[in-house]
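Everything below concerns the one structure shown next.
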Amino acid sequence: MRPLMNEEVNDSYSRYLTLYTIDNKAIRNARDDFERYRSESVVVKGSFEDDEWVLNNELKDYRFRFVIDGRKYSAKAGKWSGLNAAKFKLCMKTFIVMRLGEVVLGHLCTVCKDILDIAYMDPDEVSYGRNGSHVLEFLGALPGDSESRDRVLESLDDDKNSQIWKKSKSRKLEEFSNYLRFDARLADFWRSADEQKKVYYFPVFFWWKLTSILPLRPTEFLLIPKKCIRSESDGYFIKVRRTRNKKNHEKKRYKVNDDYEICEYGIPEELYKEIQLYVKRTRKIRRDENITLLIPGKDAQTWYLSYQQMNYRLHKFLRQELMMDETAVNLGDTRHLAMINLMLSGGSPVICRELAGHEDIDISSNYYSNLSTIVESTVYEYCHSGDQRAVLDGKLFFPITLPEHKVRLSDGYCDYLPVERGDISECVKNFQGQMRLGECHDCRHFYPDRQGLRLSIRNERKEAVDMSGEFLMQMIEAVRKGNGQTESIQAAMARLCKAGNDYAGVLFRQYMEEM
């Protein structure tokens, strides 16, 4: 096999994916690997030669189809791929087997369908879609040379770079406001809901409360064990299943016990008690096969609450109970929210491990690179919603009211009254070593007189938040590459926390004056 290298670039970092030309040796290896997966009951139906396979990861069956209409293929992809239909199909099967152990089955099944789709496309119809990186890998690994195929590869590569650029644009503030409103309305619903609704919607309530503080992927959340909580003198704890495959380069085994490890985290007492109540309420309807905490619906075909079932309940809850758009909040959102919440709160050992230990954290995400927009949305919602619970816990500092008593300064006021007696303790806390002690423009206690100065300070503090976010990403990447310490991540998050609070203070004063 002739190795190829494909560079995947994501803003501030890049990695290289090893590819291979799909030659006779690769095909032989794929046949052997296929038989091994069949002996391990991952492949539950079909042989390598068949045009349909069924694979299983103990959670769900996935159907892979390789049927290609030779005439339609010849009229389309056959003209630019450089391969006949039979060879294209063989390479497709080989590529799918090569990715077993590296890609989850559900995603790999979608990749298979996307590759099959391009068999009936003209060169100008092939575009960089949801699984564009895998399609690009597949086409780049095909044997032989084809000038037409090279042009398709070049076009896909251009599309990929364009997609990355589009994703780097700022998210709208309204999107984050949805989370704040959802948080407040969920709390109101839970206080008045009857027992039947609390049982049915507990997965939604539990998902929001837990994954907003602990960065879990949806499947990790859904596979939380039945016996998951314990209480000790030093607090309350929950056991969760965390995927092993995101932390290193181990092959996937498609077995729950092999692909996930049990980890334990501290949780609030209120959440611990809610879990206890759910276990008590569901004791009579729980079956022996329900070995996860969350019970699937009575007509479900799975032994656990599946992603589809969970998604359905969330959308139903949004639509019927909260009267919100069912797309306002998505299952994958809370992992990012947990990251942001912990970042803007100054961090914790949990977030340090998460950020330093996982290779797949999307550090090009605008949640992380434009954190000032999150601060803006939070403060705006806090000031204008009439519901001060809209601010997620532990994130930002706000004075409850505008100060009535202030100390007069040369170009504004200070709301820390002891400074008039010579107490500079707050000044020292704010001093960062970048200016002379006594300059107040960067202090959260300072209220400027002039509108121009206010705007200047607001812009400076907004920029400081985003710069602190970028600095945090640099520290994370340094640790991930072995060139730094997790303590540097903690220090960077403390810097970001201060910048977020300073910017929030300026915005709060402005919004309160406008009301």
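Only residues of the range 46-82 count here: report those whose backbone N is under 11 Å from the spot 7 Å along Cα→Cβ of Arg151, or say none. Zone members listed by number: 80.
Listed cross-link partners Lys255/Lys316; Lys226/Lys284; Lys93/Lys255 are compared with a 26 Å cut-off, the Cα-Cα value being larger for Lys255/Lys316. For a test of the definition: using alpha carbon positions, the gyration tensor, and the 1.5 limit on a/c, classify the range 173-331 as rounded, prolate or oblate. Here the range 173-331 falls in the rounded category. The packing ranking, built from the mean of other Cβ atoms within 10 Å per residue, places the peptides 183-192, 463-472 in the order 463-472, 183-192, highest first. One chain, two ends: Asn257 and Lys87. Fully extended at 0.36 nm per residue, the span grows by 57.5 nm beyond their Cα-Cα distance. A simple spin-label model places the labels of Ala187 and Ser133 3.8 nm from each other, with each point 7 Å out along Cα-to-Cβ.
Sorting Glu261, Glu147, Glu58 from the fewest to the most surrounding beta carbons within 10 angstrom yields Glu147, Glu261, Glu58.
Backbone amide hydrogens, once placed in the peptide plane, bring Ile229 within less than 5 Å of Lys239, excluding anything fewer than 5 places away on its chain. Taking 0.36 nm per residue of separation and subtracting the Cα-Cα distance, full extension of the segment from Arg65 to Met467 would add 139.9 nm. Taking θ as phi - 60° and the Karplus parameters 6.51, -1.76 and 1.60, the scalar couplings of the range 304-319 work out to 9, 6, 6, 4, 5, 5, 5, 4, 4, 5, 4, 5, 5, 4, 4, 6 Hz in sequence order, x denoting glycine and proline. Counted by Cβ distance under 15 Å from Phe64, the other residues give a net charge of +1, where Lys and Arg count +1 and Asp and Glu count -1. Rounded to whole numbers, the Karplus 3J(HN,Hα) couplings from phi for the range 74-81 are 4, 7, 10, 5, x, 7, 10, 6 Hz, using 6.51 cos²θ - 1.76 cosθ + 1.60 with θ = phi - 60°, and x at Gly and Pro.
Multiplying the residue separation of Tyr200 and Gln276 by 0.36 nm and subtracting their alpha-carbon distance yields 25.8 nm. In this structure, the amide hydrogen of Gly412, modeled 1.01 Å from its nitrogen in the peptide plane, lies closer than 5 angstrom to those of Asp449, counting only residues at least 5 positions away or on a different chain.
Peptides 213-222, 418-427 ranked from most to least packed by the mean count of surrounding Cβ atoms within 10 Å: 213-222, 418-427.
Computed from the coordinates by the stated procedures, all read-outs in this text should not be read as laboratory data. Since the structure is predicted, the reported quantities are computational estimates derived from the model, not experimental observations. As a convention, Cβ positions derive from the backbone with ideal geometry for all residues, glycine included, and neighbour counts pool all protein chains shown.
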